[in-house]
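Worksheet for the structure shown next.
The values are calculated or read from the model by the stated rules, or taken from the named source; none is laboratory data. Since the model is a prediction, treat every value here as computed from it, not as a measurement. Note that we place each Cβ from the backbone using ideal geometry, even for glycine, and neighbour counts take in every protein chain shown. Side chains included, ligands, DNA and RNA excluded: accessible areas come from the protein's heavy atoms. Shrake-Rupley method; radii C 1.70, N 1.55, O 1.52, S 1.80 Å.
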Amino acid sequence: WDNADFSRGVGTTFYQEFSTLNTAKPPFVRDVEAKVRRYLRSSYSAAWTLKITWEKAPVYAARTDTQKTITYQAVLTTDGFRSYILMLYQDGGMQWDYTRLTSTNVLIGYT
C-alpha cells in the first residue's frame, strides 16, 4: 500500500466500512458506484465498500523528515462477484522527496 512511517506520532489512518446489501446506500457509496460505472462502462451495485484514508502520512523512515507528508485513499468495493479498487491521491499532495527514500526504484501505482 505504501511506505509510510507513523512511528513518530505524525499522520493518521482512518477506515470506514459500508455494508450495503439490502440497505439504503450513503452518498459516498453511490459516488463509488458512479465512478465504477463511468470508468468501466458497466452496471455496478455495491454490496460492500471499504474506505481507507492515510492522512498526512510521513515517508519511511520518519526520523529523516516528518514535514513532507501525503494524504491518499484506497477504496475497495465489491458486488459479491466483481471487486474493484479506487486509488485516490490528493492533487499536488505528494510531498515525499523520493530522492531521500531508502529505495531508489520508486513507483506510484499498481500492477
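Observations on the model:
- Accessible carbon and sulfur surface of the stretch 12-100 relative to its total accessible area, %, 1.4 Å: 52
- Judged by the mean number of other Cβ atoms found within 10 Å, the most tightly packed of the peptides 75-85, 12-22 leads the ranking 75-85, 12-22.
- Using a probe of 1.4 angstrom and keeping all protein chains present, the accessible surface of the stretch 12-100 works out to 64 square angstrom per residue.
- The residues packed around D79, meaning those with a beta-carbon under 13 Å from its beta-carbon, carry a net charge of +2 if Lys and Arg are +1 and Asp and Glu are -1.
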